[in-house]
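Remarks on the structure that follows.
The values are calculated or read from the model by the stated rules, or taken from the named source; none is laboratory data. Nothing here was measured: the structure is a model prediction, and the numbers come from that model. Every residue, glycine as well, gets a Cβ built from its backbone with ideal geometry; the counts of neighbours run over all protein chains shown.
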């Protein structure tokens, strides 16, 4: 007979893991919400962030979280360039064209990373990687807690940015109705660039989070992209609150699935949930 | 007389090409050529079907890997049950088609990009299912370890070459028939505007379902033939995103929504595939760059470019009209 105490560990780990998924999914959700473009390269951009942290910690001895001081601006600028020179043209043609271009970018990053960093599995070792906290009967790996805290900070920051700043409101306006926004004096082209830049900065943060938690290879982007899609579908495309709750549900169902059905049940449970949600409510639990 | 000849010209040239390609193994050409052609036929079938879905039916289906993996598994598992592999190939196509029919009510509820995401998740779920499921062979086989294809003794590379040729040619004929029928007309109407198509009395769901099932069947058969060549199947490779990549790249390079597009695109993809194979990851890197450049420079693909050149009367006329901005980048 399963007691509640046995479930305490998968439940807490699930929620904390959900935090990591939220950060990964947030950039994807933002780009979709604003530009209606599915950025298939997002998973690989996250892994690129992981490699950046890896280089920073192995070559320069920087703490991965501190390395974000360089990583976030770098990724932001890269995002603006990618949007300006690659995505924007395709985006004007059609949604399919943009999708195919991001698919190409994904291949370029994946295989470029493989050339530069070899296909070996990497991980970030810091002083706190193997630490864990003991609360009651539950052992909490510290990195999971770090992921969760980062997720909460990032979600709150993005939410406040979109709500309170002029730029954030412009992004929200352009995502709701780009033509009307243009009439109000907003330049959608500029807004799209900044939105994509922010999504890339989020990918840098997600990359550090991921690298602290799991080992990664150049090909790790695709499974996490698919997880991020799952999270977004559960929560509803383009909804910030939905993404957060979707991430929690996904993380929870993964650890509980693993608890009851063993390692191969881990991802099967959340993905079946995704398919069920898609069938019943194609716009997601919190989608409009 | 002249018009009749012209009308049947594509059919005659297809027939002639098929005959030439069919006798090729008997003329003693290098084995490597036959291998290139084997891949070409299978990729062509997958690309033609992806073109049917994405180019003509408005279904940006990102799940060819699901059809290929499922058909490959069906064929392989049937060979374990002592059923000949050629029966398994048909059964594989049928299993893929059945699967397409089963998932269609839920995936067709999603429109546009939602459909694309939903179908992208499908192969991943199948991969996870097949990681758990061991239908035959006990604990030592199946799951992550995959299955060997049994009962292939006596089947030569030539046999598989002819099978591949058959499905490649069949995919061209299927597309040709569909596009010249009322069904194809309905599909074109749906792709352009499904609300208008529905109001004109077209059963949108049924037409999409038909093309989804036909696409799954032919793609599945190509996949099953591929695994009869590979001799081994496991979940990660069977449901791998590279299947989507191949079909998508061939279609986009050649020209999406153009009948001859996949044919031209597949030639280029197969050349790239083998010429770049020795460079490993550089190969896919270059394919990625080609895909991006192609999409930005010639969103209509090579055949689209050829069509534009013909329409405007020569390359220089086209360049002139582009610089004057008369031809805008058209909808893909």
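Within region B:239-250, does at least one residue satisfy the condition of being farther than 23 Å from residue B:97 by Cβ, in contact with a helix residue (DSSP H, G or I) (Cβ under 6 Å, 6 or more places away or on another chain) and within 13 Å of another protein chain (Cβ to nearest Cβ)?
Yes, some residue in region B:239-250 is farther than 23 Å from residue B:97 by Cβ, in contact with a helix residue (DSSP H, G or I) (Cβ under 6 Å, 6 or more places away or on another chain) and within 13 Å of another protein chain (Cβ to nearest Cβ).
Among the listed residues A:57, A:67, which satisfies the condition of being more than 13 Å from chain B (Cβ to nearest Cβ), in contact (Cβ under 8 Å) with a residue 60 or more places away in the chain and more than 21 Å from the chain's Cα centre (by Cα)?
Every option except A:57 fails the conditions.
If a residue must be under 16 Å from residue B:61 (Cα atoms) and either buried (at least 18 other Cβ atoms within 10 Å of the Cβ) or touching a helix residue (DSSP H, G or I) at 6+ places or on another chain (Cβ under 6 Å) (or both), how many such residues does region B:87-107 contain?
Total meeting the criteria: 9.
Of the conditions (1) surrounded by fewer than 24 Cβ atoms within 10 Å (Cβ to Cβ); (2) closer than 30 Å to residue B:189 by Cα; (3) in contact (Cβ under 8 Å) with a residue 12 or more places away in the chain, residue B:110 clears all except one; give me its number.
Unmet for residue B:110, out of (1) surrounded by fewer than 24 Cβ atoms within 10 Å (Cβ to Cβ); (2) closer than 30 Å to residue B:189 by Cα; (3) in contact (Cβ under 8 Å) with a residue 12 or more places away in the chain: (3).
Name the one entry in B:210, B:227 that is in the same structural domain as residue B:126 (by TED's automatic domain parsing), touching a strand residue (DSSP E or B) at 6+ places or on another chain (Cβ under 7 Å) and assigned to a helix (DSSP H, G or I).
The match here is B:227.
The conditions are (1) part of a loop (DSSP other than H, G, I, E, B); (2) not assigned by TED's automatic domain parsing to the domain that holds residue B:18, and residue B:307 fails exactly one of them. Which is it?
(1)
Of all residues in region B:149-165, count the ones that are free of Cβ contacts under 8 Å to residues at least 24 places away in the same chain and part of a helix (DSSP H, G or I).
Total satisfying the criteria: 1.
Within region A:276-288, which residues are in a helix (DSSP H, G or I) and surrounded by 19 or more Cβ atoms within 10 Å (Cβ to Cβ)?
A:277, A:278
Just wondering, is there one or more residues in region B:276-290 that are closer than 30 Å to residue B:154 by Cβ and in contact with a strand residue (DSSP E or B) (Cβ under 8 Å, 6 or more places away or on another chain)?
Within region B:276-290, none of the residues are closer than 30 Å to residue B:154 by Cβ and in contact with a strand residue (DSSP E or B) (Cβ under 8 Å, 6 or more places away or on another chain).
Can you find a residue in region B:257-268 that is within 13 Å of chain A (Cβ to nearest Cβ), farther than 17 Å from residue B:172 by Cα and either in contact (Cβ under 8 Å) with a residue 40 or more places away in the chain or not in a helix (DSSP H, G or I) (or both)?
no
How do the helices (runs of 4 or more DSSP H) wholly within region A:130-242 filter down when requiring 2 or more residues that are within 14 Å of residue A:19 (Cβ to Cβ): which remain?
A:142-164, A:188-213, A:221-235
I'd like the full set of residues that are touching a helix residue (DSSP H, G or I) at 6+ places or on another chain (Cβ under 7 Å), within 14 Å of chain A (Cβ to nearest Cβ) and either at pLDDT 65 or above or at positive phi (or both), limited to region B:301-332.
B:301
Of all residues in region B:291-300, count the ones that are under 21 Å from the mean Cα position of the chain (by Cα), assigned to a helix (DSSP H, G or I) and more than 8 Å from chain A (Cβ to nearest Cβ).
Number satisfying all stated conditions: 1.
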